[in-house]
Amino acid sequence: MARRSKHEYLRVMWQRYQRAGRRERSALLDEVTRVCRYHRKYAIGLLSRAAPPRPPVRRVIRRRPTYGEPVIRLLAEIWAASGYLCGQRLKAALPHWLPWLTRRTAVTPAVEAQLRRISARQIDRRLRDRKRRLKRRLYGTTRPGSLLKQQIPIKTEHWDVRTPGYLEIDLVSHAGASAAGEFLHTVDGVDIHTTWVERQAVMGKSRHGVVQAMTTIESQLPFPLRGVDSDNGSEFIHDHLLAWCQQRPVGRQVQFTRSRPYKKDDNAHVEQKNWTHVRKLVGWERYDTEAARTALNALYADLRLFQNLFQPAMKLVRKVRVGSRLIRRYEAPQTPFERVRACADADPQKVAALEQVLKTTDPFALSQRIDRHLERLWALATRATRTPREAAPRPPQLRASTPWRGWTFSPRVQRQTPALPRTGRS
């Protein structure tokens with residue numbers, strides 16, 4: 001019997017014991033000793049008190065927090081500027097951000113040592129009150145392609161992920177509430193081995209636009225492209241992209257495969273990046289102008305450096321099923337550039353150039369520049385009016401404030417005052 005249940009039982013028996021006679025008290029004592037397994041003398045002492053027995057007050061001894069408010073305030077500043085990483089990724093990102101934090105604000109050696117020593121679990125615990133999450137339904141405009149499906153094989157097994165250069169690609173639409181007419185799309189690609197991410201904005205889903213975007217993505221990769229895997233959409237399943245992959249010099253052909261129809265898990269890597277690297281930042285507004293395409297590609301140029309150089313990513317190593325539970329094991333969080341630097345197949349010149357960018361780029365200033373890109377992109381969105389159709393249309397009415405709150409696109413997310421002032425924020 002639990003301790004609380006015993007005290008509730010004793011409170012009832014105490015009332016009966018106070019009103020009972022000699023023989024009834026003896027029977028009540030027999031029952032209490034049998035139910036609670038008390039000694040008879042101890043039970044007599046409990047039931048003979050002037051007041052009913054009360055449960056003892058459990059004193060919880062709490063130790064003082066190891067990391068004070070100055071440490072958590074600086075940690076929250078890095079957490080906000082780095083894109084609100086989880087505890088394990090933020091722990092791996094701290095060595096890249098702390099040298100630049102010391103240039104922006106006064107950090108004592110003791111506080112810096114605590115920031116380097118804090119664990120990932122403690123980060124999640126201390127930042128729990130500051131975290132806000134938002135879920136929103138995704139939708140797309142991809143249609144299945146019917147051409148050349150017999151020439152493009154289905155990937156029935158995993159690629160050799162020990163070598164970089166194998167990309168999963170997908171198309172993310174920016175159509176807003178209407179899919180009529182031409183509008184922008186984002187060609188999103190992620191390398192399976194290094195988690196390196198590249199994106200390019202294209203107008204419409206034309207074959208030439210997709211091939212040009214893939215050419216730009218290939219030129220920006222710090223390693224040779226060896227294969228691409230797409231879904232069955234008509235924007236990828238066409239002869240132009242197939243020829244772009246196959247009509248190359250001997251030894252430099254690109255393997256082109258596709259996933260099974262209606263099986264999004266086959267492209268799980270890029271599907272996850274569609275949310276964290278595209279939709280979460282750009283949102284669901286409609287962009288259908290060349291100015292918006294230029295602004296979106298400028299945003300992706302800075303996001304390419306920010307997310308590949310300064311944001312650690314977690315990579316799944318294996319899955320273990322124990323009964324009904326599926327346990328996932330991850331390797332230590334690393335930035336995509338750290339994984340690229342450890343690959344022997346990476347381009348030495350591009351790696352050296354990225355190394356110089358990593359040494360000379362302030363991630364806090366880069367984060368502020370990304371904020372300004374998002375504000376500028378929001379002003380270029382095409383918004384439908386709310387006037388009736390029979391009335392004369394009005395020009396789109398801009399909102400007083402943009403819906404980006406902490407790198408999350410939603411007008412419902414509450415404003416949060418950052419721990420430290422971020423200069424240059426629009």
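The values are calculated or read from the model by the stated rules, or taken from the named source; none is laboratory data. Being a predicted model, the structure only gives us computed values, none of them experimental. Neighbour counts run over all protein chains shown; Cβ positions are idealised from the backbone, glycine included. The protein model used for the area step is the full one, side chains on, heavy atoms only, and it has no ligands, DNA or RNA in it. Shrake-Rupley method; radii C 1.70, N 1.55, O 1.52, S 1.80 Å.
Find the all-direction average of the projected area of the Cα convex hull for the range 155-235, expressing the result in square nanometres with one decimal place. For the Cα atoms of the range 155-235, the hull's average projected area reads 5.8 nm². Descending by average beta-carbon neighbour count within 10 Å, the peptides 251-264, 361-374 line up as 361-374, 251-264, the highest first. Ligands, DNA and RNA left out, the 1.4 Å accessible surface of the range 243-351 is 50% carbon and sulfur atoms. Packing, taken as the mean count of other beta carbons within 10 Å per residue, orders the peptides 80-87, 229-236 from highest to lowest as 229-236, 80-87.
Taking max minus min of the alpha-carbon positions on each principal axis, the range 1-142 gives extents of 83, 53, 21 Å, largest first. The share of accessible area on the range 187-238 that comes from carbon and sulfur is 53 percent, using a 1.4 angstrom probe.
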